[in-house]
Amino acid sequence: MTEPLHELGEPRRFAGGISIRVLRAGWFRPDAGGFFGVVPKPLWSKNVETDARGRILCRLNLLLIEAGGKRILVETGTGVRMTDRDREIKGVEGGDPVEALRAVGEDPDTIDFVVLSHLHYDHAGGMLDASGRPSFPNARYVVQRDEAEAAHGDELRLAGIMEVEQLDAVRAAGILAEVNGEVELVPGVSVLRTGGHTRGSQAVLIGLERPGGRAGDPTDRAIFWGDLIPTRWQLPVRWTSAYDDYPIDAVEIRRELVTRAAAEGWWCYFTHDPGPMPIRIEATEKGSFRAAE
Ligand SMILES: [Zn+2]
């Protein structure tokens with residue numbers, strides 16, 4: 001593998017003095033059958049190859065957003081609390097958000113907000129460090145209330161799947177911010193509950209609406225999809241993963257947001273895409289969607 005384990009991309013600027021950089025925090029290898037769910041292999045295998053164990057090579061992408069004098073980290077990767085066996089099965093390399101930030105010269109103690117798209121291991125596993133303390137002690141951790149409740153629910157499907165211990169430790173430290181629906185963290189940066197992938201999955205929306213803004217102001221908008229759309233390969237909105245807990249909801253909310261994103265030229269950031277980002281998306285002649293050239 002020639003690409004570095006940890007890498008911080010060039011900043012892209014948005015209205016309101018907002019900048020976004022992609023922080024590559026390592027690799028993992030989800031099972032392709034699970035990742036593509038209902039989609040037949042002859043279709044998805046045009047996009048990506050599998051390894052000898054039927055897994056695909058994906059990135060653990062975090063975002064580092066600077067806005068309104070605040071620093072926002074989106075996602076925490078796998079962290080360092082997985083067992084060796086689990087890391088081996090899932091093909092995790094790296095995954096520690098603190099190590100990733102330090103490797104690119106950024107101080108984890110300067111993070112003001114940590115946004116968790118949802119509470120699966122590859123997004124919320126790095127809420128705590130190896131000693132069980134919050135990895136970002138000066139930050140507020142932003143989670144949808146529905147997601148926190150689902151993590152504490154009694155649904156058998158979710159048993160052992162959500163990072164409940166890490167959630168509770170962050171809550172006990174007094175730095176958990178449970179939010180509900182669409183909430184602006186700082187001007188121009190909002191979280192939006194989408195559900196679909198998990199009950200309380202959230203996306204991040206970036207960019208101010210600036211009708212009548214000064215000529216030359218950037219007016220672009222951006223979205224970080226979380227696992228609602230983990231890579232550009234899953235832009236056909238009906239390509240539902242086996243990991244989507246609410247597939248019918250996932251398809252509907254994907255259709256609504258992807259239609260807007262294509263029509264309005266939103267820049268898209270994907271949590272597991274190994275390719276260059278951000279990208280724009282476009283509608284196809286057949287009424288589906290794909291990455292714009
Ligand atoms: Zn994921």
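Brief remarks on what is shown
- For the range 116-205, the solvent-accessible area of protein heavy atoms averages 39 Å² per residue (probe radius 1.4 Å; ligands and nucleic acids excluded).
- The range 69-116: GluC sites (Glu not before Pro) falling in loop per DSSP and having at most 14 other Cβ within 10 Å: none
- Per-pair calculated FRET efficiency, R0 = 51 Å: SER131 and GLU285 via Cβ, rounded to 0.05: 0.40
- Beta bridges by DSSP in the chain, antiparallel share as percent, to the nearest 5: 75
- Anisotropy class of the range 75-152 from Cα gyration tensor, a/c 1.5 cut: oblate
- Beta bridges per DSSP, both residues in the range 1-116: antiparallel share near 90 percent.
- Protein-only accessible surface order, largest first, of THR271, THR110 at 1.4 Å: THR110, THR271
- Of the residues SER288, SER201, SER131, the one with the largest accessible area comes first in the ranking SER131, SER288, SER201, computed with a 1.4 Å probe on protein heavy atoms.
- Neighbour count of at most 16 Cβ within 10 Å plus DSSP loop: longest trypsin sites (Lys or Arg not before Pro)-free window in the chain: 54-213
- Fluctuation leader among GLY68, GLY26, GLY95 - the chain, Gaussian network, Cα springs under 10 angstrom: GLY68
- Added length on full extension, which subtracts the Cα-Cα distance from 0.36 nm per residue, ILE89 to THR259: 57.6 nm
- GNM result for the chain, Cα springs below 10 Å: residue of ILE65, ILE18, ILE248 fluctuating most strongly: ILE248
- For the residues VAL186, VAL38, VAL22, a GNM of the chain with alpha-carbon springs under 10 Å puts the largest fluctuation on VAL38.
- Cα gyration tensor shape for the chain, rounded if a/c is under 1.5, else prolate or oblate: rounded
The values are calculated or read from the model by the stated rules, or taken from the named source; none is laboratory data. Keep in mind it's a predicted model, so treat the numbers as computed, not measured. Here Cβ is always computed from backbone atoms with ideal geometry, including for glycine, and neighbour counts include all displayed protein chains. These accessible areas exclude ligands, DNA and RNA; they are computed on the full protein's heavy atoms, side chains included. Shrake-Rupley method; radii C 1.70, N 1.55, O 1.52, S 1.80 Å.
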